[in-house]
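Here's the structure, in structure tokens; my notes come after.
The values are calculated or read from the model by the stated rules, or taken from the named source; none is laboratory data. It should be emphasised that the depicted structure is a prediction, and the values quoted were computed from it without experimental measurement. Glycine also receives a Cβ, built like all others from the backbone with ideal geometry; neighbour counts cover every protein chain displayed.
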Ligand code: G3I
């Protein structure tokens with residue numbers, strides 16, 4: 001029997017009215033859950049947050065209100081990436097990142113810095129400079145400007161984003177611009193560089209593709225553990241990892257016997273764990289909406305029940321709050337006329353079964 005069967009009414013039956021959503025709001029009928037994802041998470045000493053963009057928060061009052069009700073942490077979805085901050089070598093564009101940082105400060109939200117080194121968000125001018133000169137000063141100047149600027153505010157930095165190569169690449173690391181310029185040591189060097197500019201921030205590597213029982217993700221888990229082990233044994237200043245958790249209904253089922261030992265081995269290295277980009281990619285858009293939403297919620301509940309059993313998991317961040325603004329509304333999906341429903345709220349900020357699954361899992365997790 002589905003572990004959700006007994007909660008079916010919680011997942012599908014509660015069509016909340018706007019009044020019921022108002023903060024602090026009445027409790028959901030038939031449950032004793034606190035009326036906020038952040039509050040639910042706080043029950044086990046954890047946090048809940050979401051990725052956001054300041055332009056969207058400014059433009060939409062409903063998004064802002066929903067965000068502030070549910071989130072204790074915010075991750076900039078794009079503003080703190082290198083290409084967003086430095087469109088040319090001598091031109092910085094801090095307005096959006098500063099705006100989100102001020103929003104966080106004004107509302108008492110913790111800020112996750114995302115992400116210092118990520119090949120796809122490295123500006124073209126920096127890629128050329130790195131490829132030609134192999135000059136670490138290009139990285140160093142970037143870190144000094146960005147890590148230094150948000151030193152007092154960023155709790156955790158994603159120092160390196162997505163370094164693992166699923167294939168048989170060198171040392172199972174992507175042969176990205178940093179690897180090509182500096183070899184595999186670029187990761188340890190980046191952590192040391194970040195530490196110089198932010199002595200108190202926690203430093204993390206953020207990565208995807210660890211959640212399912214298939215050969216590719218098995219190799220990815222093994223490669224990631226090897227990397228973490230190597231960094232820790234060499235004394236690199238690595239404090240935490242981010243597991244993105246872009247779940248996928250085409251890859252299931254999720255298995256505790258696969259995920260739990262992986263988390264345990266990370267924790268055994270003394271590292272904290274955050275779930276950093278949770279959402280769900282749908283694969284079958286022909287099913288009735290209620291069934292689609294139920295499957296998304298069930299995936300999230302199954303995942304969180306596994307990961308929240310680990311004390312090293314400190315918090316959960318979803319990659320946005322509403323389906324309407326999700327990166328999963330990609331061109332391929334849109335071209336088919338489909339609309340992915342892999343975040344807690346629909347386009348009008350009505351909570352979907354995924355919202356209730358999140359809330360129940362966060363509130364029910366063992367402290
Ligand atoms: O801001 C520019 C705008 O000026 C320009 O007119 C427009 C034209 O395309 O592009 C805008 O930038 C886009 C930006 O989002 C803001 O909308 C970029 O092209 C687009 O690539 C960027 O996509 C983001 C992507 O990372 C790359 O930065 C997605 O929103 C964001 O959800 C995605 O997030 C990543 C995580 O950082 C790492 N893990 C995977 C995750 C999903 O891909």
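Taking the listed residues 46, 69, the one that is more than 16 Å from the ligand (Cβ to nearest atom), surrounded by fewer than 21 Cβ atoms within 10 Å (Cβ to Cβ) and either closer than 12 Å to residue 100 by Cβ or touching a residue at least 40 places away in the same chain (Cβ under 8 Å) (or both) is 69, with no other qualifying.
Selection of segment 253-269 for residues being farther than 30 Å from residue 196 by Cβ and surrounded by fewer than 17 Cβ atoms within 10 Å (Cβ to Cβ) yields 253, 255, 256, 257, 260, 261, 264. Scanning segment 86-114 for residues that are under 15 Å from residue 159 (Cα atoms), within 14 Å of the ligand (Cβ to nearest atom) and touching a helix residue (DSSP H, G or I) at 6+ places or on another chain (Cβ under 8 Å) yields a single hit, 113. At least 2 residues being closer than 23 Å to residue 314 by Cβ is the threshold, and among the helices (runs of 4 or more DSSP H) wholly inside segment 169-253 those reaching it are 186-197, 215-233.
Quick test for you: out of 129, 166, 144, pick the one residue that is within 16 Å of the ligand (Cβ to nearest atom) and either more than 14 Å from residue 114 (Cα to Cα) or free of Cβ contacts under 8 Å to residues at least 24 places away in the same chain (or both). Can you show your working first?
Details: 129 fails: within 16 Å of the ligand (Cβ to nearest atom); 144 fails: within 16 Å of the ligand (Cβ to nearest atom).
So the residue among 129, 166, 144 that is within 16 Å of the ligand (Cβ to nearest atom) and either more than 14 Å from residue 114 (Cα to Cα) or free of Cβ contacts under 8 Å to residues at least 24 places away in the same chain (or both) is 166.
Looking across 347, 320, 342, one residue alone is free of Cβ contacts under 8 Å to residues at least 40 places away in the same chain, in contact with a strand residue (DSSP E or B) (Cβ under 8 Å, 6 or more places away or on another chain) and part of a loop (DSSP other than H, G, I, E, B). It is 347.
Given the condition surrounded by fewer than 18 Cβ atoms within 10 Å (Cβ to Cβ), modelled with pLDDT of 95 or more and under 29 Å from residue 317 (Cα atoms), answer yes or no: does some residue in segment 126-135 qualify? Looking through segment 126-135, none of the residues is surrounded by fewer than 18 Cβ atoms within 10 Å (Cβ to Cβ), modelled with pLDDT of 95 or more and under 29 Å from residue 317 (Cα atoms). Considering (1) within 16 Å of the ligand (Cβ to nearest atom); (2) surrounded by fewer than 24 Cβ atoms within 10 Å (Cβ to Cβ); (3) not in a helix (DSSP H, G or I), the lone condition that residue 333 does not fulfil carries the number (3). What about residue 117, is it touching a residue at least 40 places away in the same chain (Cβ under 8 Å), away from the ligand (no atom under 11 Å from the Cβ), buried (at least 22 other Cβ atoms within 10 Å of the Cβ) and closer than 23 Å to residue 193 by Cα? The answer is yes for residue 117.
Among the residues making up segment 202-229, those that are closer than 16 Å to residue 274 by Cα, touching a strand residue (DSSP E or B) at 6+ places or on another chain (Cβ under 6 Å) and more than 16 Å from the ligand (Cβ to nearest atom) are 202, 203.
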